[in-house]
Amino acid sequence: MPASAGLGGWALSAVHGMDGEIALAGVTYAETATVGVIGHVRSIDTSADTSAGSGRPRLSVIVPAYHDAPVIAENLHRLQAALLATGLTWEVIVVVDGDRATYVAAVAAATRGVQVYGYETNRGKGFALRYGMSLARGELVTFVDSDMEVAPEEIGRMAGLLDLYDADVVVGSKRHPLSKVHYPWLRRFQSWCYQVLIRLLFRVSVRDTQTGLKMLRRDVAMRVLSVALVKRFAFDLELLALARRFGHHRIIEAPVVIDYRFASTTNLRAVFSVLWDTMAIFYRMHLRHWYDRTDSAGLSALQRGLPTAFAQAELEGLPRT
């Protein structure tokens, strides 16, 4: 049974996992919004059970967020509208990666279907996605960036494609012939060079690994999560390379609609970080065969790396939803 303690108009609850340890803590207001406080990584349920009565939503949508305070509320409303239009059951898991202003704004915008988690130290997009995956309950696990530059309205169509082709992974691709995207020639050239490199290193047969919209079957997501290590931008590559490594070869591309505003972190430091992580993945996979020799080291690293949660005082004075 959850234990509760008062906090202004909010209730602080501790939810206990099956192992008896506190799995996470959260606060709820009028049983509408859910705000999670970083705690222990759950004992991951790797079951792929999708039978009626399994209690899972069809979709878990993970939204890593950073420096999006002015737009996070509007973007979450747009995402929820897109998910409602799919006719599927869903949950949204927002993970705010070390940005206090975005955390407060996301909490204020949360509704019954939206869970918000946040921590003090910026760990990187890959870390935020991995933490969100550890909390996901859905039959399908989906990623979408909080800036919504990649249109969330494509999520329903991606779920349809996954079922139609019995795919393991559906990747949103800027290079799909039906995609609608306009971005500068320099970004196109950088992307092309990177895709050539990863085809040589990993034989991942997709034309675009880095677009921030992907969908995986639950069993694929949990297998990757158990060993993945990348904290920053190359997590998309690690995910696809590991999926293929573990025998999940049915990876298809889907068209996307992208409205790039280019306030992103594509600079020399970011490029170097991606290349460094890419070579680290290659080293672990093909030289040390590290991923083949472990089945839970990624979860252990995730647990060790969890930063301090935002103080509960951050929630005081928030408008009621």
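Coordinate-derived values only; no laboratory data. These numbers were taken from a predicted model, which means no experiment stands behind them. All Cβ positions, glycine included, derive from the backbone under ideal geometry; neighbour counts span all protein chains shown.
Per-residue HN-Hα couplings for region 188-202, Karplus 6.51 cos²θ - 1.76 cosθ + 1.60 at θ = phi - 60°, whole Hz, x for Gly and Pro?
4, 5, 4, 5, 4, 4, 5, 5, 4, 4, 6, 5, 5, 7, 10
Once the convex hull of the alpha carbons of region 149-238 is built, what does its volume come to per residue, in cubic angstrom?
Numbers: hull volume 10.9 nm³, N = 90.
Measuring per residue, one finds 121 Å³ for the Cα hull of region 149-238.
From the phi angles alone, apply the Karplus equation (6.51, -1.76, 1.60; θ = phi - 60°) to region 152-166 and give each ³J(HN,Hα) in whole Hz, x where the residue is Gly or Pro.
x, 5, 7, 4, x, 5, 5, 4, x, 5, 4, 5, 4, 9, 6
I need Thr278, Thr86, Thr111 ordered by Cβ neighbour count within 10 Å, fewest first. Spell out each step's value before the answer.
Working: Thr278 22, Thr86 17, Thr111 13.
So the residues, fewest neighbours to most, are Thr111, Thr86, Thr278.
Figure the gain on full extension for Arg199 and Arg78 (residue separation times 0.36 nm, minus the Cα-Cα span) and round it to one decimal in nm.
Details: separation 121, 0.36 × 121 = 43.56 nm, distance 3.47 nm.
That pair, Arg199 and Arg78, stretches by 40.1 nm at full extension.
Can you work out the FRET efficiency for the pair Trp185 and Arg137, with r the C-beta to C-beta distance and R0 = 41 Å, to the nearest 0.05? Before the final figure, lay out each step's value.
Values: r = 42 Å, r/R0 = 1.03.
That pair, Trp185 with Arg137, gives E of 0.45.
Figure the gain on full extension for Arg250 and Tyr165 (residue separation times 0.36 nm, minus the Cα-Cα span) and round it to one decimal in nm. Working shown, then result.
Values: separation 85, 0.36 × 85 = 30.60 nm, distance 0.84 nm.
Full extension from Arg250 to Tyr165 adds 29.8 nm.
Under a 5 Å amide H to amide H cut-off, with H placed in plane at 1.01 Å, what residues pair with His67 once short-range neighbours are removed?
Thr102
Mind listing the long-range amide H neighbours of Ala254? Cut-off is under 5 Å, sequence gap 5 or more, other chains count too, H placed in the peptide plane at 1.01 Å from N.
For Ala254, whose amide H was placed from the backbone, the distant partners under 5 Å are Val171, Gly172, Ser173.
Per-residue HN-Hα couplings for region 86-94, Karplus 6.51 cos²θ - 1.76 cosθ + 1.60 at θ = phi - 60°, whole Hz, x for Gly and Pro?
6, x, 9, 7, 7, 9, 10, 10, 8
Find the Rg to Rh ratio for region 47-129, where Rh is the Kirkwood radius over alpha-carbon pairs and Rg uses the same atoms.
1.02
Using the Kirkwood radius over C-alpha pairs as Rh, can you work out the diffusion coefficient of region 101-219 via Stokes-Einstein at 25 °C, viscosity 0.890 mPa s, in µm² per second?
On the way: Rh = 16.5 Å.
Calculated translational D: 149 µm²/s.
Taking 2.2 N^0.38 Å as the expected size of a compact globular protein, what ratio does the Cα radius of gyration of region 238-304 give against it, to two decimals?
Values: Rg = 15.6 Å, N = 67, 2.2 N^0.38 = 10.9 Å.
Compactness ratio reported: 1.44.
Collect residues whose amide H, placed 1.01 Å from N in the peptide plane, falls under 5 Å from the amide H of Leu140; neighbours closer than 5 in sequence don't count.
Amide H neighbours of Leu140: Leu59, Ser60.
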